[in-house]
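The values are calculated or read from the model by the stated rules, or taken from the named source; none is laboratory data. Because the structure is a prediction, the values reported are computed rather than measured. Every residue, glycine as well, gets a Cβ built from its backbone with ideal geometry; the counts of neighbours run over all protein chains shown.
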Amino acid sequence: MSNQNPGSKKIIPILAEGSDGELISLYAAHQRIYPRSVSGLFSKWRWGMVWLTQIIFYGLPWLEFGQRQAVLFDLGARRFYIFGLVLYPQDFIYLTGLMVISALSLFLFTAVAGRLWCGYACPQTVYTEVFMWIEKQVEGDRTARMRRDGQNWGLEKAARKTLKHIIWIAVALWTGFTFVGYFSPIRQFAGEFVQMNLGPWETFWTFFYGFATYGNAGFMREQVCKHMCPYARFQSAMFDKDTLIVTYDKERGEPRGARSRKADPKTLNLGACVDCNLCVQVCPTGIDIRKGLQYECIGCGACVDVCDAVMDRIGYARGLVKYSTDNAMKQGWSQSQTLRHVFRPRVLVYSTILGSIVLAMLVSLNLRTLFKVDVVRDRGVMARIVDGDNIENVYRLQIMNATESNQRYRITAGGLAGLKLSTENVVLVESTQARWVTVRLQVPMQDMTPGSHAIAFDIESLDAPGHLTEKSVFLVPR
């Protein structure tokens, strides 16, 4: 049996029941894609985003702010450090705001220029670029890889494949290690990692995230974008005819066909497309942009770069494949006309809402009180009568200091006549720490009606501006 061409499509047939040998294809087996390397403006942008995102991702956990890690989400201590910010679980509203901002940003970018996120900044795209670059350095260019994959196994093929996977696994484990370093102090974690003295959850997430990176970027690649990512499915709801997308100028390019450089396409009745098929070869998802916009297109612009290079070589004008809009292609708009229509009311509304939410988030962060208080009734002592004919209720206050210095807080209570504290009313909480304080409130028995009475705790910071009021109830027994 002859070797199967690595790029060919294998059809899996079955015999239809009751038929006379009629074959029905159930599905087409996955066709492996060998993307061709390309250089150009958009390729530089993609690699610029690769460098930017990975420098931030790998470098951020190692930065220090004062005497601690600059960015650390300490789940065990329930504190989240982001440079000068110290956030507690009670600040969950900011995470909600961040998610809303991310969603609106995605809507805005998609309305303006389609799948910009997918083509330039999505982790799947970024790590696929990195893994393909490693593959190219070890196994050679597209032609060499296709030829080697079609050959029988030998020493050279095994050595190159093994080296490639060793480097892939090293990068994947480094990625998993860095990911865990955002949740566990990375310098301490690094020592434990070298000594193989990791905790169970650190071990799980390091290898899980590493395995996901290795599998998605090394093997699944475009399958994630085409079949697993939900964004590929609902992106069309955010597109319209004035969205910038990668387009093929069919009026100019058709009819396509090969020709010599010196040939006049008009005399041959040909369009500008020389049918070199390079736009398909460089596409990371393996589509032919000349068939129109397809949901698999991630808008990376690789076909634009390679087509412009071909146009330069044969002396034709650039722009056969380019970023444009459906309306611009149909009506022949200039670049300035296209951009004017891109910034349409829909985009302006998204931008206004997004800007308002970002501004509100920044203002809220700037004006927030730098400590939190939780009031919990002591369930072991609901209410009791103590010396002096007073009724006493016991409470537990958790005071959380969200500053980088020790703070003193004064506790007072009000809401009932004669209400007083029978415990110390000034407490010290160390920097970025939380402290539980037991507070006893007493009130004279006389003239008190049985039942639940509303009260309020006032907590004032003595060392920094800040004041909080927390409501509770005072119980009087029958």
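List of remarks:
- Among residues of the range 169-212, those that are part of a helix (DSSP H, G or I), among the aromatic types (F, W, Y) and in contact (Cβ under 8 Å) with a residue 24 or more places away in the chain, counted: 8
- Residue that is nearest to E156 (Cα to Cα), among those in the range 106-141 that are buried (at least 18 other Cβ atoms within 10 Å of the Cβ) and of a type in the set (S, T, N, Q): T128
- Beta carbons closer than 6 Å, at least 6 apart along the sequence or on distinct chains, pair a first residue in the range 289-302 that is over 18 Å from K241 (Cβ atoms) with a second that is in a loop (DSSP other than H, G, I, E, B) and modelled with pLDDT under 90 for I298/R115.
- Q442 meets all of the listed conditions (1) within 18 Å of P477 (Cα to Cα); (2) among the polar types (S, T, N, Q); (3) exposed (fewer than 15 other Cβ atoms within 10 Å of the Cβ) but one, namely (3).
- Scanning the range 410-464 for residues that are in contact (Cβ under 8 Å) with a residue 60 or more places away in the chain, hydrophobic (A, V, I, L, M, F, W, C) and either in contact with a Cys (Cβ under 8 Å, 6 or more places away or on another chain) or assigned to a loop (DSSP other than H, G, I, E, B) (or both) gives M445, A464.
- Test: A272 is at negative phi and in contact (Cβ under 8 Å) with a residue 60 or more places away in the chain: no
- Subset of the range 445-469 (residues that are surrounded by 15 or more Cβ atoms within 10 Å (Cβ to Cβ), under 20 Å from E404 (Cα atoms) and not small (G, A, S)): I459, E460, L468
- Sub-9 Å Cβ pairs linking a first residue in the range 349-372 that is of a type in the set (G, A, S) to a second residue that is assigned to a helix (DSSP H, G or I), at least 6 apart or interchain, are S351/L108; A360/G97; S364/I93; S364/Y94; S364/G97, ordered by first then second residue.
- Condition check for G301: in the same structural domain as T96 (by TED's automatic domain parsing) and at positive phi: yes
- Count - residues of the range 316-332 that are in contact with a Ser or Thr (Cβ under 8 Å, 6 or more places away or on another chain) and hydrophobic (A, V, I, L, M, F, W, C): 3
- Listed by position, the helices (runs of 4 or more DSSP H) inside the range 51-168 whose residues that are of a type outside the set (D, E), under 29 Å from E202 (Cα atoms) and assigned by TED's automatic domain parsing to the domain that holds G210 number at least 2 are 92-113, 123-139.
- Residues located in the range 379-409, provided they are of a type in the set (K, R), touching a Lys or Arg at 6+ places or on another chain (Cβ under 9 Å) and part of a loop (DSSP other than H, G, I, E, B): none
- Count of residues meeting criterion [under 20 Å from the mean Cα position of the chain (by Cα) and without any contact (Cβ under 8 Å) to a residue 40 or more places away in the chain] in the range 66-82: 3
- Any chance G181 is of a type in the set (G, A, S), touching a Gly at 6+ places or on another chain (Cβ under 6 Å) and surrounded by 15 or more Cβ atoms within 10 Å (Cβ to Cβ): no
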